[in-house]
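Step one of this worksheet: look at the structure below.
The values are calculated or read from the model by the stated rules, or taken from the named source; none is laboratory data. Only a predicted model underlies this, so the values are computations on that prediction, with no experimental measurement involved. So basically every Cβ, Gly included, is an ideal-geometry build from the backbone, and we count neighbours across all protein chains shown.
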Amino acid sequence: MAAYVASGAVGRGLGDRLILAATIALALVMVIPMVWAVGLSIKSNAELLVDTNSVLHAPWTLKNYADIIVGSSVFRWLLNSIIVSTGMSLGVLVLSSLAGYGFARLEFPGRNVIFVLVLFGLAIPEQAVIIVRHQLFSAFDLHNTYPGLMLPGMSAPFGVFLMTQYFRSIPTEIDEAALLDNASRFQVFWRVLLPMTLPAQATLGIYTFLHAWNDYWWPLVSGTNAQMYTMTVGIAATQINFAESAGLGYLMAQAVFGSLPVLIVYMFFQKYIVRAVSGAAM
Amino acid sequence: MASPTSKDSRWSNVLYVAPYLFLFVTLLLYPLLAGFWLSLHKADFFGGSRFVGLQNFVRLFNDKVFVGAVGNTFYFILLTVPALALIGLGLALALNRATRRAALLRGVFFASSVLSVTIVTLLWRVVFAPDGGFIANVLNYFGRPSIPFLSTESLALPAIAITTIWWCIGLPMMLFLAALQQVPRELYEAAALDNAGRWKTLWHVTLPSIRRTFALVVIIEVVLQFQLFGQAQLMTLGGPNNASRPMVLFIYDVGFVRWDVGYAVAAGQILFGLILIAALAQYLVARRKEAF
């Protein structure tokens, strides 16, 4: 992260202390639901039925975690999420790099019209296409398959837009020098330019992975077979019958377990994730 | 635009963009256009279909549930977007420091953004639950009765809004922080020379410099919050009495639960039109770099 500077004089007055107090109070609001969930997850379901305040005192137990590891499908969901998110990210990176290079560097009939059309695609929300897409995937028998879960995300124009911009920012002298050395166009793309786009690849890869991991609507209506649930849909399925489910502690253990992968990755790659998500929004 | 390295326009160059274009056309463009056609039909999931013209749209405007859903969506935007923009700006101003504590707090405020909607709703359901929920326990401790937030008509949508603000606050904060980094240092130096106080500097230097970002954040959040779906579907199912049913949940229920697909697609077109207006505004603001 770039160096942060105080946006004004830094004092130690009353105002500063009030700002700090307000910020910490808000930070507590951010943390309380997480701490509460972790607390509930380490209590027995029977005890929680009587009083959830029992979180505050012993006995605590890891039985809920043992139960989800032995008796639930969380590992299957985890595996599905990893396959779908990785596959979608790789697909987006390959397609966007090729197309970005094509739009930025090569001439072909109708190029500009097609590019504008792709840009227009940025404004099409999932909700406007999801029903026809669903019918299409039914017709080709793609529901409850990995490609079926990955492909819609690969059709989003954002990656193509990002990579085209990035290729355009690389000086064309670099291509010319390589072409003079008798490199083919594909070699220029593959050996010379692609390695220079690594920062953009990282941004796009992280953004797509996170997006795929947390995607809810499409996997909800496409991967309807319990064996094909992603983590996100699996956890939704357990809370639909919130009241008559296996117990509060068990549910919370699932929530904690389900959020651990992203939270751990977030702790290590916070800088890159923040950059990817904010970059994508603007 | 034209690149000097390839003056030769060739069909074979299309091969680079063809794989993406194939998916773009089949999974985005075709569904959009087929959707226009489908919205003019009374169609169900099993292929039965009959041309009805604009009847689906007429039906939508007379459908109390749909009109209510449009109202709920706008109300939800009103509840979330100003709060996200103002709290995000406040946090960015407070945490724009090079200290470890500020870095840690920035990390805390963004952490919820990486969670999925299903985790977020699970966490907040056990905060809002009237029976043993966190808020209920605190209220009971002070001798007050519990409040059934999610099953009270007037409180369901605000409760979903609080959940959403909690989930989404990281992005506006980070966008404002990035903008604050871009404010030219000389402006602060000039303000310091003028002996401008802290609040004066904030009001006359900092805030005017990030006006464009503020506009962009508001538009981005409007587009995002228009698409409210998971929180409502998981926390209240749109209830009680449709009080928390947003447009997208309406589309989902009609399209994927009742399988009245022509009708659902028509509702989707209206949502698309509204989002298109916001996207156009974003494009115009983003383009006017110099004017701000």
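Under the condition of being assigned to a helix (DSSP H, G or I), of a type outside the set (Ser, Thr, Tyr) and closer than 25 Å to B:Tyr141 by Cα, the residues counted in region A:43-67 number 9. With respect to (1) of a type in the set (A, V, I, L, M); (2) modelled with pLDDT of 95 or more; (3) over 30 Å from B:Val261 (Cβ atoms), the lone exception for B:Val67 is condition (3).
Which residue out of A:Leu79, A:Leu26, A:Leu40 is within 13 Å of chain B (Cβ to nearest Cβ), in a helix (DSSP H, G or I), of a type in the set (A, V, I, L, M) and surrounded by fewer than 20 Cβ atoms within 10 Å (Cβ to Cβ)? Talk me through it step by step, then tell me what you get.
On the way: A:Leu79 fails: within 13 Å of chain B (Cβ to nearest Cβ); A:Leu40 fails: surrounded by fewer than 20 Cβ atoms within 10 Å (Cβ to Cβ).
Answer to the selection: A:Leu26.
Answer yes or no: is there a residue in region B:60-69 that is among the hydrophobic types (A, V, I, L, M, F, W, C), over 30 Å from B:Ser113 (Cα atoms), part of a loop (DSSP other than H, G, I, E, B) and free of Cβ contacts under 8 Å to residues at least 24 places away in the same chain. No, region B:60-69 has no match at all.
Quick grid of which residues meet (1) in a helix (DSSP H, G or I); (2) facing chain B (nearest Cβ under 7 Å):
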site	(1), (2)
A:Ala99	yes, yes
A:Val132	yes, yes
A:Phe137	yes, no
A:His143	no, no
A:Met150	yes, no
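Within region A:163-188, residues that are farther than 19 Å from A:Leu98 by Cβ reach partners that are polar (S, T, N, Q) with beta carbons closer than 7 Å, at six or more positions or on different chains, in the pairs A:Glu176/B:Thr5. The residue of region A:1-23 that is modelled with the lowest pLDDT, among those that are within 17 Å of B:Arg106 (Cα to Cα) and more than 7 Å from every other protein chain (Cβ to nearest Cβ), is A:Met1.
Just checking, does region B:222-235 include any residue being over 20 Å from A:Pro125 (Cα atoms), under 19 Å from the mean Cα position of the chain (by Cα) and at the interface with chain A (Cβ under 10 Å from one of its Cβ atoms)?
Here is the first cut: in region B:222-235, the ones over 20 Å from A:Pro125 (Cα atoms) are B:234-235.
Filter once more, so that each one left must be under 19 Å from the mean Cα position of the chain (by Cα): B:234-235.
Now restrict to residues that are at the interface with chain A (Cβ under 10 Å from one of its Cβ atoms): B:234-235.
For region B:222-235, residues over 20 Å from A:Pro125 (Cα atoms), under 19 Å from the mean Cα position of the chain (by Cα) and at the interface with chain A (Cβ under 10 Å from one of its Cβ atoms): present.
Taking the conditions exactly as written (away from chain B (no Cβ under 13 Å), without any contact (Cβ under 8 Å) to a residue 24 or more places away in the chain and not hydroxyl-bearing (Ser, Thr, Tyr)), does A:Ala66 satisfy them or not? Spell out how you get there, then give the answer.
Numbers: away from chain B (no Cβ under 13 Å): yes; without any contact (Cβ under 8 Å) to a residue 24 or more places away in the chain: yes; not hydroxyl-bearing (Ser, Thr, Tyr): yes.
The answer is yes for A:Ala66.
Among residues of region A:189-205 being at pLDDT 90 or above and among the β-branched types (Val, Ile, Thr), the one that is farthest from the chain's Cα centre (by Cα) is A:Val192.
Taking the stated definitions as given, is B:Ile165 within 19 Å of A:Val35 (Cβ to Cβ) and either surrounded by fewer than 16 Cβ atoms within 10 Å (Cβ to Cβ) or modelled with pLDDT of 95 or more (or both)? Considered against the rule, which asks whether it is within 19 Å of A:Val35 (Cβ to Cβ) and either surrounded by fewer than 16 Cβ atoms within 10 Å (Cβ to Cβ) or modelled with pLDDT of 95 or more (or both), B:Ile165 comes out as yes.
Residue under question is A:Leu210, and the condition is that it be in a helix (DSSP H, G or I), surrounded by 19 or more Cβ atoms within 10 Å (Cβ to Cβ) and in contact with a helix residue (DSSP H, G or I) (Cβ under 6 Å, 6 or more places away or on another chain); does it hold? So A:Leu210 fails the test. Please enumerate the residues belonging to region B:229-281 that are of a type in the set (Val, Ile, Thr) and farther than 24 Å from B:Trp37 by Cβ. Within region B:229-281, just B:Thr236 meets the criteria.
At pLDDT below 95 and either in contact with a helix residue (DSSP H, G or I) (Cβ under 9 Å, 6 or more places away or on another chain) or buried (at least 22 other Cβ atoms within 10 Å of the Cβ) (or both): is that true of B:Pro184 in this structure?
Details: at pLDDT below 95: yes; either in contact with a helix residue (DSSP H, G or I) (Cβ under 9 Å, 6 or more places away or on another chain) or buried (at least 22 other Cβ atoms within 10 Å of the Cβ) (or both): yes.
Yes, satisfied.
Of all residues in region A:123-151, those satisfying the criterion of being surrounded by fewer than 16 Cβ atoms within 10 Å (Cβ to Cβ) and within 19 Å of the chain's Cα centre (by Cα) are A:Tyr146, A:Pro147. Number of residues in region A:140-172 that are over 23 Å from A:Asn112 (Cβ atoms) and not polar (S, T, N, Q) equals 13.
For A:Tyr266, the test of being part of a helix (DSSP H, G or I), of a type in the set (Ser, Thr, Tyr), surrounded by 14 or more Cβ atoms within 10 Å (Cβ to Cβ) and without any contact (Cβ under 8 Å) to a residue 60 or more places away in the chain is passed. Which of the residues that make up region A:152-169 are in a helix (DSSP H, G or I) and buried (at least 22 other Cβ atoms within 10 Å of the Cβ)? Scanning region A:152-169 gives A:Pro152, A:Gly153, A:Met154, A:Gly159, A:Val160, A:Met163, A:Thr164, A:Tyr166, A:Phe167. Being touching a Pro at 6+ places or on another chain (Cβ under 6 Å), surrounded by 14 or more Cβ atoms within 10 Å (Cβ to Cβ) and part of a helix (DSSP H, G or I): is that true of A:Trp218 here? Taking the combined requirement at face value, the residue satisfies it. Here A:Val74 passes the criteria (1) at pLDDT 95 or above; (2) more than 8 Å from chain B (Cβ to nearest Cβ) except the one numbered (1). Within region A:115-167, the set of residues being out of contact with any helix residue (DSSP H, G or I) (no Cβ under 7 Å at 6 or more places or on another chain) and among the β-branched types (Val, Ile, Thr) comprises A:Val116, A:Thr145. Screening B:Phe46 against (1) more than 10 Å from chain A (Cβ to nearest Cβ); (2) in contact with a Gly (Cβ under 9 Å, 6 or more places away or on another chain); (3) at pLDDT below 90 leaves a single unmet condition, (2). Within region B:26-42, is even one residue in contact (Cβ under 8 Å) with a residue 24 or more places away in the chain, in a loop (DSSP other than H, G, I, E, B) and more than 7 Å from chain A (Cβ to nearest Cβ)? Taking every residue of region B:26-42 in turn, at least one turns out to be in contact (Cβ under 8 Å) with a residue 24 or more places away in the chain, in a loop (DSSP other than H, G, I, E, B) and more than 7 Å from chain A (Cβ to nearest Cβ). Can you find, within region B:249-261, the residue that is surrounded by the most Cβ atoms within 10 Å (Cβ to Cβ) among those that are touching a residue at least 12 places away in the same chain (Cβ under 8 Å) and more than 9 Å from chain A (Cβ to nearest Cβ)? Among those that are touching a residue at least 12 places away in the same chain (Cβ under 8 Å) and more than 9 Å from chain A (Cβ to nearest Cβ), it is B:Phe250. Does at least one position in region A:234-250 carry a residue that is more than 28 Å from A:Ile130 (Cα to Cα), in contact (Cβ under 8 Å) with a residue 24 or more places away in the chain, assigned to a helix (DSSP H, G or I) and not small (Gly, Ala, Ser)? There is at least one residue in region A:234-250 that is more than 28 Å from A:Ile130 (Cα to Cα), in contact (Cβ under 8 Å) with a residue 24 or more places away in the chain, assigned to a helix (DSSP H, G or I) and not small (Gly, Ala, Ser).
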